[in-house]
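Everything below concerns the one structure shown next.
The values are calculated or read from the model by the stated rules, or taken from the named source; none is laboratory data. Since the structure is predicted, the reported quantities are computational estimates derived from the model, not experimental observations. Virtual Cβ from ideal backbone geometry, glycine too; neighbours counted across all protein chains shown. Calculation scope for accessible area: heavy atoms of the full protein, side chains included, ligands and nucleic acids excluded. Shrake-Rupley method; radii C 1.70, N 1.55, O 1.52, S 1.80 Å.
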Amino acid sequence: MRKLIKQRNSLHEVIVDDWRYADEEPQAAAIIVSLTQWQVERDSWLASGKRIGVRVAPADKIELLAEDARKLHLIALEFGGLAEGRGYSQAHILRRRYGFTGELRAVGKIQRDQLFYMARCGFDTFELPEGADLDVALTAFKDYTVAYQPGVDQGMHLGRRVG
């Protein structure tokens, strides 16, 4: 079973993933499909009665989920490596502009050093590469106790910062 880090009540913990990717187990009750699968079979997925998540690649246009974001239970944003930063912007747009309140998962080539910043952008679940030490990764959320810039995790709008 795949394990990941999930935020619950402002704390992060290692949990067993109850979601499956469509190519792993298409009959699962909680399934993650690619953005292309979502676009082609959207109505079928919505009528399936399953919890539906969509995986978005870095080059995918997040605007394609603008109308559907609130219908989804999970959106997984993929990172191709340390130099890949589009997922941070995509997360911010999903949370702030589209009002997405479901699970926002970081997937792909993510590392411990990115987790704190991902959480600031609105990610609440982290699927690290296979073999990553999740207990060590959990310590990333304790690296900083103060953030100077407002973030999605603070629940304040950028234009309303008092200071």
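Given the residues 96, 70, 20, 42, which is the only one that is charged (D, E, K, R) and buried (at least 17 other Cβ atoms within 10 Å of the Cβ)?
Values: 96 fails: buried (at least 17 other Cβ atoms within 10 Å of the Cβ); 70 fails: buried (at least 17 other Cβ atoms within 10 Å of the Cβ); 42 fails: buried (at least 17 other Cβ atoms within 10 Å of the Cβ).
None of the others qualify; the one that does is 20.
Tell me, please, whether a residue that is assigned to a strand (DSSP E or B), at pLDDT 70 or above and of a type outside the set (Lys, Arg) can be found in the stretch 129-145.
Checked the stretch 129-145: no residue is assigned to a strand (DSSP E or B), at pLDDT 70 or above and of a type outside the set (Lys, Arg).
Taking the conditions exactly as written (at pLDDT 95 or above, surrounded by fewer than 21 Cβ atoms within 10 Å (Cβ to Cβ) and either within 11 Å of the chain's Cα centre (by Cα) or over 16 Å from residue 10 (Cβ atoms) (or both)), does residue 103 satisfy them or not?
When the stated conditions are applied, residue 103 passes them.
Just need a number here: residues in the stretch 125-141 that are exposed (fewer than 10 other Cβ atoms within 10 Å of the Cβ) and small (Gly, Ala, Ser).
Here the count works out to 1.
Take the conditions touching a Phe, Trp or Tyr at 6+ places or on another chain (Cβ under 6 Å), among the hydrophobic types (A, V, I, L, M, F, W, C) and surrounded by 17 or more Cβ atoms within 10 Å (Cβ to Cβ) and apply them to residue 54. Does it pass?
Values: touching a Phe, Trp or Tyr at 6+ places or on another chain (Cβ under 6 Å): yes; among the hydrophobic types (A, V, I, L, M, F, W, C): yes; surrounded by 17 or more Cβ atoms within 10 Å (Cβ to Cβ): yes.
Here the answer is yes, as residue 54 does meet what is asked.
Go through (1) touching a helix residue (DSSP H, G or I) at 6+ places or on another chain (Cβ under 7 Å); (2) more than 21 Å from residue 117 (Cβ to Cβ) for residue 56 and report which single condition fails.
Going through (1) touching a helix residue (DSSP H, G or I) at 6+ places or on another chain (Cβ under 7 Å); (2) more than 21 Å from residue 117 (Cβ to Cβ) one by one, residue 56 breaks only (2).
Tell me the residue from 87, 49 that is within 22 Å of residue 4 (Cα to Cα), small (Gly, Ala, Ser) and either in contact with an Asp or Glu (Cβ under 8 Å, 6 or more places away or on another chain) or open to solvent by 10 Å² or more (accessible area, probe 1.4 Å) (or both), please.
87
Let me confirm something: among 83, 76, 91, 106, which residue is over 20 Å from residue 22 (Cβ atoms) and either in contact (Cβ under 8 Å) with a residue 12 or more places away in the chain or part of a strand (DSSP E or B) (or both)?
Matching residue, one of 83, 76, 91, 106: 91.
Would you call residue 116 assigned to a loop (DSSP other than H, G, I, E, B) and open to solvent by less than 40 Å² (accessible area, probe 1.4 Å)?
No; evaluated as a whole, the condition is false for this residue.
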